[in-house]
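> Dumping the structure here so I can ask a few things about it.
The values are calculated or read from the model by the stated rules, or taken from the named source; none is laboratory data. What you see is a predicted model, and the numbers here were worked out from it, not measured in a lab. Cβ: placed from backbone, ideal geometry, glycine included. Neighbour counts: every protein chain shown. We work out accessible area using only protein heavy atoms, side chains counted, and drop any ligands, DNA or RNA first. Shrake-Rupley method; radii C 1.70, N 1.55, O 1.52, S 1.80 Å.
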Amino acid sequence: RNGIHIEALRKSYSEQTSGEVHYIIKDVDLVIKGGEFFILLGPSGCGKSTLLNIVAGFVAKSGGSLRIGGQEVERPGKDRAVVFQQADSSLFPWLTVRENVEFGLRMKKTPKAERRVISDRYIGLVGLNGHENKFPKELSGGMKQRVQLARVLANDPEILLMDEPFGALDAMTRRTMQKELVRIWRETGKTVIFVTHDIQEALLLGQRIGIMSVGPSSRITDIYENAQAY
Ligand code: ADP
Ligand code: ADP
């Protein structure tokens, strides 16, 4: 259904002066089943975000194949949404919490009453009841991150792409959000690719954990079944 097939995927760039070609990722092979919670684990700079952004359709691949549900994918789609590490760049500062969460629904012309029901549900789910009419600048970093998650969930994508989404949160909030995410994933059956450099977080959340190698021409070197999860 929402299975993701990645074959020989690579991303290269050319040095401006010398024209020399460098690979950020190279020969990435990966199959993720629909409904799976997959972790992409590796140190900073190994190319996790690059890979996630290719899957999102935000970054063009240089070679190889990316198929979702059997279809070759090159562009962003309604079936996928990204939760970034920093919420600030993705929230509209001139919209309230509720308006931010309802933004995608407005784009889809969801009727107002229905928008309200959906935004209430997800605002509640991320624990922001009572903050609906606040603007992003009135919120803490953790609260903004929760607004971002609520907005993505309100849009109901089949595939959640999460790029160190809880990395900037304090430990307590992070723990709460991790639990919420697992609960939501269980309830909705979404496919999740979750990027982290935190081994503890990987072991806590992922059904399978893919390890990305360090340095240039990075690829997924090992995949572990995580018996420890849940
Ligand atoms: P991670 O998410 O694992 O921290 P990234 O995917 O953000 O890694 O980056 C991997 C490496 O590729 C980094 O060294 C980064 O500086 C480099 N990089 C990312 N995008 C580009 C680009 N467009 N041109 C050149 N280098 C890039
Ligand atoms: P309507 O049912 O006519 O859309 P609303 O009460 O939902 O009325 O919104 C009133 C106004 O508030 C809109 O015309 C718009 O300018 C602004 N607004 C509310 N929510 C959003 C949003 N999510 N994105 C952009 N503008 C919004």
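> Label-point separation (nm) for Ala171 and Asp27, each offset 7 Å from Cα along Cα-to-Cβ?
Each label point is offset 7 Å from its Cα along the Cβ direction, giving 4.1 nm.
> For a quick protection proxy, order the peptides 5-11, 219-225 by their average other-Cβ count within 10 Å, most packed first. Working shown, then result.
Numbers: 5-11: 17.9, 219-225: 14.6.
Descending mean neighbour count gives 5-11, 219-225.
> Suppose every K and R has +1 on its Cβ and every D and E has -1 on its Cβ; what is the size of the dipole of the chain about the Cα centre, in Debye to the nearest 20?
Details: 32 positive and 27 negative charges, 160 e Å.
About 760 debye.
> In whole angstrom, note down how far apart the Cα centers of region 179-230 and region 123-169 are.
Answer, in whole Å: 20.
> Considering lysine pairs in the chain that are 8 or more places apart or on different chains, how many have Cα atoms under 20 Å apart?
17
> So how tilted is helix 171-188 from the main axis of the chain? Cα-based, degrees 0 to 90, rounded to 10.
Helix 171-188 and the main axis of the chain meet at about 90 degrees.
> Expressed as a whole percentage, what fraction of the accessible surface of the chain belongs to carbon and sulfur atoms when a 1.4 Å probe is rolled over the protein heavy atoms? Write out the running numbers ahead of the final one.
Values: 5760 of 11430 Å².
With neighbouring chains kept in place, the figure for the chain is 50 percent.
> Provide the per residue accessible area, probe 1.4 Å, for region 162-230, rounded to a whole number of square angstrom.
Values: 3450 Å² over 69 residues.
Value returned for region 162-230: 50 Å² of accessible area per residue.
> If you take every residue apart from Arg10 with its C-beta less than 10 Å away from the C-beta of Arg10, what net charge results, scoring Lys and Arg +1 and Asp and Glu -1? Please report the intermediate quantities before stating the final value.
Working: positive: Lys11, Lys26, Lys61, Arg219; negative: Asp27.
Neighbour charge sum, excluding Arg10 itself: +3.
> Considering the dipole of the chain built from charges on the beta carbon (Lys and Arg +1, Asp and Glu -1) around the Cα centre, which of Leu169, Ala150, Phe194 is farthest to its positive end?
Of the listed residues, the answer is Ala150.
> Rounded, prolate or oblate: which one fits region 125-182, using the alpha carbon gyration tensor with axes a ≥ b ≥ c (rounded when a/c is under 1.5, else prolate when a/b beats b/c, else oblate)? Can you show the working numbers first?
Working: a/c = 1.68, a/b = 1.16, b/c = 1.44.
Judged from the Cα gyration tensor, region 125-182 comes out oblate (a/c at least 1.5, b/c at or above a/b).
> Given 0.36 nm per residue, what is the gain on full extension from Glu7 to Thr188 after removing their alpha carbon distance, in nm?
On the way: separation 181, 0.36 × 181 = 65.16 nm, distance 2.73 nm.
Between Glu7 and Thr188, full extension yields an extra 62.4 nm.
> For every helix of n ≥ 4 consecutive DSSP H residues, a contribution of -39,500 (n - 2.57) applies; sum these over the chain, divide by its total residues, and give [θ] at 222 nm rounded to the nearest 500 deg cm²/dmol.
Working: 6 runs with 73 residues, N = 230.
Only helices count here, giving -10000 deg cm²/dmol.
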